[in-house]
Amino acid sequence: MGTLSITRRKDEATYAEFRTRRLALDAYDTLAQAIKSGEPYASPLGPSPAHPSATHLPRC
C-alpha cells in the first residue's frame with residue numbers, strides 16, 4: 001500500500017481517510033475468514049468481474 005501515494009492523497013482529500021487501503025484490508029480479512037470457516041468467499045463487487053464461463057479452469 002505504500003506505493004499508492006497518489007491514490008492515498010486523492011482518497012484523503014475526498015474521503016478524509018485512505019479509503020482504498022481500508023477497503024483492500026477489509027476484503028482481505030473477509031477472504032481470510034472465509035478460508036478459515038470453509039464458507040465460500042462472496043465478492044463485494046457487483047456485478048462480478050467475469051461470468052464463470054469466461055474464467056480459467058481450476059488448477060489440478
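Things worth noting here:
- For the chain, a simple Cβ point-charge model (Lys and Arg +1, Asp and Glu -1, everything else neutral) yields a dipole of about 200 debye relative to the Cα centre.
- For the chain, calculated [θ]222 nm from helices alone, where every DSSP H run of n ≥ 4 adds -39500 (n - 2.57): -16500 deg cm²/dmol
- Each peptide in 15-21, 32-38 receives the mean, over its residues, of other Cβ atoms within 10 Å, and ordering these scores from highest gives 15-21, 32-38.
- Translational diffusion of the chain was estimated from the Stokes-Einstein equation, with Rh taken as the Kirkwood radius over Cα pairs; at 4 °C and 1.567 mPa s the coefficient is 92 µm²/s.
- Point-to-point label distance, I35-L4, nm (Cα→Cβ direction, 7 Å offset): 1.9
All of the numbers you see were taken from the coordinates with simple rules; none came from a lab. Treat the numbers as computed from the prediction; the structure is a model and nothing was measured. All Cβ positions, even for glycine, are placed from backbone atoms using ideal geometry, and neighbour counts span all protein chains on display.
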